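Report on the structure given below.
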Amino acid sequence: GSGNVTFPDTSVGRTHDLFITARQTIVGFQIGPSSTPASGWVPSATVEFDFFGTRPADSLLPQERVFDQPRLRVAYFALTKGTWKFVAGQDKVIIAPLDPISLSHVAIPLGATAGNLWGWLPQVRVEKTQELSEKTTALFQVGVLRPEFGDPRLNDAVAAGLSLDNPTAGTRSSMPFYEARVAISHPMNGSTATIGVGGHYGREVAGLTHKPDSWASALDFRVPLLSRVILRGEGYAGTNLIPFQGGIDQGVAVVAGASPQTFLIRNIGDAGGWGELTFRATQDDKNHFYVGAGTDDPIHHDLLPGSTRVKNTFYWASYFRKLTNDVTMALEWSNWQFRTEAFTGNVPGPRSVGKSNVFNLSFAYSF
């Protein structure tokens with residue numbers, strides 16, 4: 001929007017904010033056997049959480065100070081034997097395994113709703129690593145994931161409560177997300193180049209006759225251009241990608257009707273991606289620079305009233321400095337551009353652009 005804020009004295013104008021937070025702290029642990037079991041199958045487990053959960057507010061804590069609750073990110077176990085791996089639990093989605101490198105965007109990855117598909121979903125998957133030559137390997141991944149959409153246009157938010165789980169438009173489809181990915185890796189410039197191609201398919205239920213599907217094809221890559229310069233990124237195209245905050249967090253466009261016959265629903269097609277150059281500036285590995293850009297560009301003619309986000313674009317640059325082997329300082333700048341479009345009836349109207357510059361100073365202790 002305009003970026004204007006109405007102040008308590010009724011004046012209206014632009015504003016700036018200063019935040020200091022520790023919510024993007026990640027804590028976790030990994031478990032594994034001290035020796036290989038006789039069966040040859042090696043079990044392991046990973047649990048990871050941050051503090052981006054709900055912030056309690058009641059009569060004793062009306063101002064929501066800083067009492068942030070933990071939030072589960074991943075929790076899975078794996079069985080590995082030779083070139084085979086079986087994984088069950090909550091982990092990253094298969095088709096979009098990369099995120100831009102950032103210490104200021106941890107709880108939600110940098111580039112969410114602006115070209116970076118992401119998600120952590122309960123799943124079962126199988127992986128197979130295959131040697132194609134003496135130096136080249138291929139990774140095959142296939143799995144089924146929990147079907148979740150959470151689309152506000154379909155009142156699909158998960159209800160609060162103490163039940164083990166809640167039905168949604170995704171779970172009512174009775175069909176999991178199907179995802180697969182193939183990645184080729186090869187040594188290059190003192191590191192490893194990896195290029196992956198993935199696919200996704202799912203379905204949600206908006207009524208007895210309205211069952212919009214969701215699909216995506218994605219490309220991810222990590223290519224060492226030089227010994228100290230690496231190009232990373234992802235690109236994708238698909239439709240109804242709100243499970244991964246694609247389409248600028250828009251999955252379907254909806255116009256409510258008085259009956260199922262007059263109810264109008266349209267999948268929002270989408271394409272986008274991001275790219276990042278990483279520079280290792282010094283030989284001692286203590287100074288790193290990052291620069292990149294991303295965009296999310298839904299198909300314009302798929303939009304309807306209530307689905308007015310036309311395009312998100314962002315640029316960023318950051319500098320990481322290792323103060324010690326364990327403590328890192330990072331300074332990051334990012335510029336965000338949000339394009340929206342108004343509607344008169346079902347006819348598109350004028351567009352508007354909102355812009356924001358964000359500066360972050362972060363400190364991290366890794367152990």
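The values are calculated or read from the model by the stated rules, or taken from the named source; none is laboratory data. No experiment lies behind these values; they were computed from the predicted model shown. When we count neighbours, we look across all protein chains shown, and the Cβ atoms used for this are built from the backbone with ideal geometry, even at glycine. What goes into the accessible areas is simple: the full protein's heavy atoms, side chains included, and nothing from ligands, DNA or RNA. Shrake-Rupley method; radii C 1.70, N 1.55, O 1.52, S 1.80 Å.
Observations on the model:
- For the stretch 45-152, relative contact order (Cα pairs under 8 Å, six or more residues apart, normalised by length) works out to 20 percent.
- Order by protection proxy (mean Cβ within 10 Å, highest first), peptides 174-185, 7-18, 206-217: 174-185, 206-217, 7-18
- In the full protein context, the chain carries 54 Å² of accessible surface per residue, based on a 1.4 Å probe and ignoring ligands, DNA and RNA.
- Look at the alpha carbon pairs under 8 Å that are at least 6 residues apart: their mean separation over the length of the stretch 203-306 gives a relative contact order of 24 percent.
- Residue-averaged 222 nm ellipticity for the chain, from DSSP H runs of 4+ at -39500 (n - 2.57), nearest 500: 0 deg cm²/dmol
- For the stretch 356-367, putting each phi into the Karplus relation 6.51 cos²θ - 1.76 cosθ + 1.60 with θ = phi - 60° gives couplings of 8, 10, 10, 10, 10, 10, 10, 10, 9, 10, 9, 9 Hz, in residue order, rounded to whole numbers and with x for Gly and Pro.
- Of the accessible area of the stretch 114-153, computed with a 1.4 Å probe over protein heavy atoms only, carbon and sulfur atoms account for 59 percent.
- For residue 42, the residues 5 or more places off, or on other chains, whose built amide H falls under 5 Å of its own are 80, 81.
- Stretching the chain fully between residue 18 and residue 71 yields a gain of 16.7 nm (0.36 nm per residue, less the alpha carbon separation).
- Projected label distance in nm at residue 321 and residue 4, using a 7 Å step from Cα toward the beta-carbon: 4.1 nm
- Rounded to whole Hz, the Karplus (6.51, -1.76, 1.60) HN-Hα couplings of the stretch 196-213, x for glycine and proline: x, 10, x, x, 9, 8, x, 8, 10, 10, 10, x, 5, 10, 10, 9, x, 8
- 3J(HN,Hα) from dihedral phi, the stretch 133-142, Karplus parametrisation 6.51/-1.76/1.60, rounded to Hz, x for glycine, proline: 7, 4, 10, 9, 10, 10, 10, 10, 10, 8
- When you filter the chymotrypsin sites (Phe, Trp or Tyr not before Pro) in the stretch 67-113 for DSSP loop state and at most 13 other Cβ atoms inside 10 Å of their Cβ, you are left with 67.
- Contact order for the chain, expressed relative to its length and based on alpha carbon pairs under 8 Å spaced 6+ residues apart, stands at 11 percent.
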